[in-house]
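S.K.: Take this structure first; my questions come after.
Any read-out appearing in this document is the output of simple, stated calculations on the displayed coordinates, not a laboratory observation. Source: prediction; values computed, not measured. Methodologically, a virtual Cβ is constructed for each residue, glycine included, from the backbone with ideal geometry; neighbour enumeration extends over all protein chains shown.
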Amino acid sequence: MTTETVRIDRETERLATEPEPRPAPRRRGPRRPLKSLVKHLVLVVTGAVMIYPLLWMVVSSLRPDDLIFSQPGLWLSDVDLSHYPDGWNALAHPFGRYLLNSAVVVLGSVLGTLVSCSMAAYAFARMRFSAKTFLFAIMLITIMLPGHVTLVPQYVLFSQLGMVNTFWPLVGPNMLATDSFFIFLMVQFIRGLPKELDEAARIDGAGHARIFLRIILPLMTPALATTAIFTFIGTWNQFFSALIYLTDTDMMTVPVALRLFVDSQGESNWGSMFAMSIVSLLPVFLVFLFGQRFLVRGIATTGIK
């Protein structure tokens, strides 16, 4: 064995016993505090612009009538709390009556939409029947159909049925799965559920009704919560249909009742209207506040971007 061979063997043993050097830490790029600051500044300014009308309405409900439009800022020089009790009793009935009417309409609409749209969505997502693809396409096309197009024939139909000045024109269509957006949302959610659950239940002798009630429906909680929140907000703020169908003051909902504060021929009670507007916004705010996590989860799990 030569000296060169011995040196090579020792060098090989040394390299084998020494630990591998750690890679040098990757240097991060330079931070961009200016870009982040500008982005946050734009978001803050945009949020302030969007929330300013709401803050102005809250402040105006606490101002005397003669200062509402003479002092358009947010600073309160004089506080007047009389608009809330005055607005509550300013109309033919206490404002709680109109809140109750809206609650009845919203409750019926939410329940009707959840039941009818979930059943229609299950049929499109899991059942096999002729012309399913064609009917699903027609259903999606109706999303682009404005509601004012069907307003006249619907009014004629409800008038002939004697349902004008009742809650049925506002609640009835929701019980017939007329909202294509919610059907599409639930179809997308059901398609994301594994079909092995249905097959296992079918092996145990379950039919479509049992599979829908025992398996699919409990798993649809995010989609159902999203539908309930959207339906609540849309029905609570529904003005045009309620104005068309409800003519008796006993049956009016909150949006129509708020219109009574504005008199085009006489003096408008702006302070009371702003006060009752704040009261009418509280249910919507609470529903959105407590249902926000269900709303985000429902949108994220349905594949709608």
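S.K.: Give, in nm to one decimal, the length gained when the segment between Leu76 and Leu282 is fully stretched (0.36 nm per residue of separation minus the Cα-Cα distance).
M.R.: On the way: separation 206, 0.36 × 206 = 74.16 nm, distance 2.20 nm.
Gain on stretching Leu76 to Leu282: 72.0 nm.
S.K.: Related question: If you add up the charges near His83, with Lys and Arg at +1 and Asp and Glu at -1, over every other residue whose beta carbon is less than 11 angstrom from its beta carbon, what do you get?
M.R.: -2
S.K.: With each label point set 7 Å from Cα along the Cα-Cβ vector, what nm distance links Leu243 and Arg210?
M.R.: Each label point lies 7 Å from its Cα, and together they span 5.2 nm.
S.K.: Rank these for me by crowding, Asp78, Asp65, going from fewest to most other beta carbons within 10 Å.
M.R.: Starting with the residue having the fewest Cβ neighbours, the order is Asp78, Asp65.
S.K.: Which whole-Hz couplings ³J(HN,Hα) result when phi for each residue of segment 153-167 is put into the Karplus expression 6.51 cos²θ - 1.76 cosθ + 1.60, θ = phi - 60°, listed in order with x for Gly and Pro?
M.R.: Once θ is set to phi - 60°, the couplings for segment 153-167 become x, 5, 5, 4, 5, 5, 5, 5, 7, x, 9, 5, 6, 10, 7 Hz.
S.K.: Using the Kirkwood formula over every pair of different C-alpha atoms, what hydrodynamic radius in Å results for segment 86-301?
M.R.: Details: mean 1/r = 0.0517 Å⁻¹.
Radius from the Kirkwood sum: 19.4 Å.
S.K.: What share of Cα pairs, in percent, lie more than 26 angstrom apart in segment 163-291?
M.R.: Across segment 163-291, Cα pairs with separations above 26 Å total 45 percent.
S.K.: Given R₀ = 41 Å, FRET efficiency for Leu217-Ile138 by Cβ-Cβ distance, to 0.05?
M.R.: So the FRET efficiency works out to roughly 0.95.
S.K.: Another one. From Cα pairs below 8 angstrom and at least 6 apart in sequence, can you work out the relative contact order of segment 77-221, rounded to a whole percent?
M.R.: So the answer I get is 34 percent.
S.K.: Another one. Between segment 141-185 and segment 66-139, how far is it from one alpha carbon centroid to the other, in angstrom?
M.R.: For segment 141-185 versus segment 66-139, the Cα centre distance is 15 Å.
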